[in-house]
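K.L.:
Mind having a look at this structure? Questions to follow.
The values are calculated or read from the model by the stated rules, or taken from the named source; none is laboratory data. The model shown is predicted, which means the values in this text are computed figures rather than measured ones. Heads up, the Cβs are rebuilt from the backbone with ideal geometry, glycines too, and the neighbour counts pull from every protein chain shown.
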Amino acid sequence: MRRLNKDVIGALTVLAVLALAPLAAQSDYVTGILTVSLIFGIWAVSWDFMSGLSGRENFGHALFIGAGAYTAAFVDGKFDLSPWWGLPAGALVAVLFSLIVGFPTLRLRGPYFALAMLAAATIMQRLMRIFWQYTGGEEGIPGLDPLFDEPLSTYYFCLGALALVTAALLALARSSWGTILRAIRGDEAACQAAGINVTFYKIASLVISAACAGTGGALYADYQQAVTPDVFAVALSITIIIMVYVGGMGSIYGPMGGAIVLALLPEVLRGLGEYRLWVYSVILMFILFFSPDGLVAPLWRRLRGAP
Amino acid sequence: MTALLKVERVTKRFGGLVAVRDVSFELRPGEIAGILGPNGAGKTTLFNLLTGFIALDLGTVEFEGGSLAGLAPHRIVNRGLARTFQLCRPFRGMSVFENVVVGCLAPRVRRAGGTEARARRILDQVGLAAKAAVPVDALSYGDLRRLEIARALATNPKLLLLDEPFAGLGSSEIEPLSALIRRLHAEEGLTILIIEHKLREFMQLVQRVIAMDFGEVIAIGPPAEIVRHPRVVEAYIGRTEAPLGIA
């Protein structure tokens, strides 16, 4: 009970800091950077729910992000519907992609799922360029309507979305659903021998993960008021995995912190000019070397005291 | 009395090797039986065939009158046929309690509710209650063996298949585990089928033995008869002294 209280206090503190941050900065530029960091939070948390818990690494989370972003762009830019339709539509198309990749590959053990995700995201990135008549090619689809006119409103909407996604996935991860995913990570055959429909839990978790990531992708398109094929990039998928590692894999709340910290770090280091990426990489290596379980989740466990 | 498990002419090939050939036997409800055979006789393959981890080439397996052919492993468990593994396969990174909870989440028992209470009761039954909160990575081999049985019990089976439950244990650990298996049979009315190499304990435990060699059943009968059966003796001569030693 005490542990729960501390968790609630911790969550409310983080929420309060995030709510006040753009007010303290008083700059649309900073608000924009913070908004993107929140969207990265949604992507990292949704990656962690499927892959962090079950141990089935997904090397192409950008597939769901891109699917959500392009769907939102089509809904708004081509079909001329309200940008609000982009959110559920983006989630739906991402779910469709998760079923297409998950169904054949998650029934198997081995690296097929990880590789299929990587390949699917890369293929989609190519297709966006090949079918430039429809997708705008390298330039993508610009000139989308924003969800809100005020950057601050967009920020608070994204903050609400991140809080909702994190709370929901954390609750699910701490329920028997999470216990089963961790058992799958431990030993898949033994999990079947315990009477668990392993394939169902893997595919259903991927669907949930995709729905969240797709919504995040749609938010990203709305925030940028444009999409380009880069939303399918391998680099984006890898960035998200690094954020999860730094946050603390399998903890759900950790990757949220990892995503926000790493999304903001390049901005903090901006003063270093050309050395920025170099320092960023060294910091990452130090974190992974000295704290292989990540930074955010272990730190919180220590602050909270006892497991 | 009708059979709980009816195995008929079951065959499995791996390429040119026939791992299990034309195996037929029945298990009566409430019986405790064993499968005996030298290494490579096809015992574990037979377990994998019965539990759906490997698909049958030929033959039929009926459990409580219903066919198990083509069912996924988890579906067979939810019919009431659970197994343990020859090598312990705990869920690493989880506690002893959580390991058993996973078995209690099988749809067959989950519907009844009371998941955590059930997990505690089963840990109590196998003598792991005091170690409920311990991470499985810190468990002794003997305790891992018990956990393996506990996880299978959690699914509330009617038939329990134990694949070498004494493997890797010293004699001081075998005796209490043997007593546990006997208790499950006597008190819970569980039907049990055991594969084992430790012949002394095995022969005292089981009521009936199915002897296998080169994938075939060579004899079925009570333990005292089986150890004198000419084909069983022949299968063991030159391989190990043990069976003759205890006969």
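K.L.:
Give me a count of the residues in the range A:108-128 that are assigned to a helix (DSSP H, G or I) and either loosely packed, with under 14 Cβ neighbours inside 10 Å or of a type in the set (A, V, I, L, M) (or both).
P.N.:
Initial filter on the range A:108-128 (assigned to a helix (DSSP H, G or I)): A:112-128.
Imposing the further condition that a residue be either loosely packed, with under 14 Cβ neighbours inside 10 Å or of a type in the set (A, V, I, L, M) (or both) reduces the set to A:114-121, A:123-124, A:126-128.
Final tally of qualifying residues: 13.
K.L.:
Only one of (1) part of a loop (DSSP other than H, G, I, E, B); (2) out of contact with any helix residue (DSSP H, G or I) (no Cβ under 6 Å at 6 or more places or on another chain) is not met by B:Glu26, so which one is it?
P.N.:
(1)
K.L.:
Right, something else. If you take the residues in the range B:131-160 that are touching a helix residue (DSSP H, G or I) at 6+ places or on another chain (Cβ under 6 Å) and more than 14 Å from chain A (Cβ to nearest Cβ), which one is farthest from B:Val100 (Cα to Cα)?
P.N.:
This residue is B:Gly142.
K.L.:
Which residue out of B:Ala138, B:Ala167 is over 28 Å from B:Gly65 (Cα atoms) and touching a residue at least 60 places away in the same chain (Cβ under 8 Å)?
P.N.:
Numbers: B:Ala138 fails: touching a residue at least 60 places away in the same chain (Cβ under 8 Å).
One residue alone meets the criteria, B:Ala167.
K.L.:
Let me ask something additional. Could we say that B:Ala33 is within 13 Å of chain A (Cβ to nearest Cβ), under 19 Å from the mean Cα position of the chain (by Cα) and in a strand (DSSP E or B) here?
P.N.:
Working: within 13 Å of chain A (Cβ to nearest Cβ): no; under 19 Å from the mean Cα position of the chain (by Cα): yes; in a strand (DSSP E or B): yes.
Taking the combined requirement at face value, the residue does not satisfy it.
K.L.:
Would you pick out the residues in the range B:191-215 that are surrounded by fewer than 17 Cβ atoms within 10 Å (Cβ to Cβ) and touching a strand residue (DSSP E or B) at 6+ places or on another chain (Cβ under 7 Å)?
P.N.:
The one that is surrounded by fewer than 17 Cβ atoms within 10 Å (Cβ to Cβ) and touching a strand residue (DSSP E or B) at 6+ places or on another chain (Cβ under 7 Å): B:Gln207.
K.L.:
Report every pair of residues separated by at least 6 positions or lying on different chains whose Cβ atoms are under 7 Å apart, first residue within the range B:178-197 and among the polar types (S, T, N, Q), second buried (at least 19 other Cβ atoms within 10 Å of the Cβ).
P.N.:
Sorted first by the residue in the range B:178-197, then by its partner, the pairs are B:Ser178/B:Glu201; B:Ser178/B:Leu205; B:Thr191/B:Leu4; B:Thr191/B:Leu27; B:Thr191/B:Glu31; B:Thr191/B:Leu159.
K.L.:
Let me ask something additional. If only one of A:Leu236, A:Leu288 is in a helix (DSSP H, G or I) and modelled with pLDDT under 85, which one is it?
P.N.:
Working: A:Leu236 fails: modelled with pLDDT under 85.
After ruling out the rest, the residue left standing is A:Leu288.
K.L.:
Can you tell me which condition B:Ser178 does not meet? The list is (1) assigned to a helix (DSSP H, G or I); (2) within 14 Å of another protein chain (Cβ to nearest Cβ); (3) within 17 Å of B:Met203 (Cα to Cα), and all the others hold.
P.N.:
Condition not satisfied by B:Ser178: (2).
K.L.:
Would you mind finding the one in A:Met249, A:Met256, A:Met243 that is outside any helix (DSSP H, G or I), touching a Gly at 6+ places or on another chain (Cβ under 7 Å) and among the hydrophobic types (A, V, I, L, M, F, W, C)?
P.N.:
Working: A:Met256 fails: outside any helix (DSSP H, G or I); A:Met243 fails: outside any helix (DSSP H, G or I).
Just a single option satisfies the conditions, and that option is A:Met249.
K.L.:
Any idea which of (1) at pLDDT 95 or above; (2) over 30 Å from B:Ala72 (Cβ atoms); (3) aromatic (Phe, Trp, Tyr) is the one A:Trp47 doesn't satisfy?
P.N.:
(2)
K.L.:
Based on what the data block shows, is A:Thr179 in contact (Cβ under 8 Å) with a residue 24 or more places away in the chain and not aliphatic (A, V, I, L, M)?
P.N.:
On the way: in contact (Cβ under 8 Å) with a residue 24 or more places away in the chain: no; not aliphatic (A, V, I, L, M): yes.
The answer is no for A:Thr179.
K.L.:
Within the range B:44-130, which helices (runs of 4 or more DSSP H) (wholly inside it) include 1 or more residues that are crowded, with 22+ Cβ neighbours inside 10 Å and away from chain A (no Cβ under 14 Å)? Quick ask: steps written out before the conclusion?
P.N.:
Numbers: elements: B:73-79, B:96-104, B:107-110, B:115-126.
Qualifying helices (runs of 4 or more DSSP H): B:115-126.
K.L.:
Just for the range A:180-197: of the residues that are β-branched (Val, Ile, Thr) and at the interface with chain B (Cβ under 7 Å from one of its Cβ atoms), which one is nearest to A:Trp43 (Cα to Cα)? Steps first, answer last, please.
P.N.:
Taking the range A:180-197 and keeping what is β-branched (Val, Ile, Thr), we get A:180, A:184, A:196.
Now drop any that are not at the interface with chain B (Cβ under 7 Å from one of its Cβ atoms), which leaves A:180, A:196.
Details: A:Ile180: 22, A:Ile196: 28 Å.
Across the range A:180-197, the extreme among qualifying residues is A:Ile180.
K.L.:
If I filter the range A:160-184 down to residues being within 13 Å of B:Met94 (Cβ to Cβ) and within 20 Å of the chain's Cα centre (by Cα), which single residue comes out as surrounded by the most Cβ atoms within 10 Å (Cβ to Cβ)? So that I can check it myself, show each step before the final result.
P.N.:
Residues of the range A:160-184 within 13 Å of B:Met94 (Cβ to Cβ): A:176, A:178-184.
Among the residues that remain, those that are also within 20 Å of the chain's Cα centre (by Cα) are: A:178, A:181-182.
Numbers: A:Gly178: 20, A:Leu181: 26, A:Arg182: 22.
Restricting to residues being within 13 Å of B:Met94 (Cβ to Cβ) and within 20 Å of the chain's Cα centre (by Cα), the top hit is A:Leu181.
K.L.:
Also, I was wondering about something else. Would it be correct to say that A:Gly195 is surrounded by 24 or more Cβ atoms within 10 Å (Cβ to Cβ) and within 24 Å of A:Leu92 (Cβ to Cβ)? Give the steps one after another, and end with the answer.
P.N.:
Details: surrounded by 24 or more Cβ atoms within 10 Å (Cβ to Cβ): yes; within 24 Å of A:Leu92 (Cβ to Cβ): no.
No, not satisfied.
K.L.:
Of (1) within 26 Å of B:Ser178 (Cβ to Cβ); (2) in a strand (DSSP E or B); (3) of a type outside the set (A, V, I, L, M, F, W, C), B:Arg21 satisfies all except one. Which?
P.N.:
So B:Arg21 meets the others, but not (1).
K.L.:
Among the residues of the range A:214-225, is any on the phi < 0 side of the Ramachandran plot, of a type in the set (Asp, Glu) and away from chain B (no Cβ under 14 Å)?
P.N.:
Of the range A:214-225, the ones on the phi < 0 side of the Ramachandran plot are A:214-224.
Next cut, of a type in the set (Asp, Glu) only: A:222.
Within this subset, residues satisfying the condition of being away from chain B (no Cβ under 14 Å) are A:222.
Yes, the range A:214-225 contains a residue that is on the phi < 0 side of the Ramachandran plot, of a type in the set (Asp, Glu) and away from chain B (no Cβ under 14 Å).
K.L.:
Does A:Leu170 qualify as being within 14 Å of another protein chain (Cβ to nearest Cβ), in contact (Cβ under 8 Å) with a residue 12 or more places away in the chain and in a helix (DSSP H, G or I)? Write out each step before concluding.
P.N.:
Working: within 14 Å of another protein chain (Cβ to nearest Cβ): no; in contact (Cβ under 8 Å) with a residue 12 or more places away in the chain: yes; in a helix (DSSP H, G or I): yes.
For A:Leu170, the condition - within 14 Å of another protein chain (Cβ to nearest Cβ), in contact (Cβ under 8 Å) with a residue 12 or more places away in the chain and in a helix (DSSP H, G or I) - is not met.
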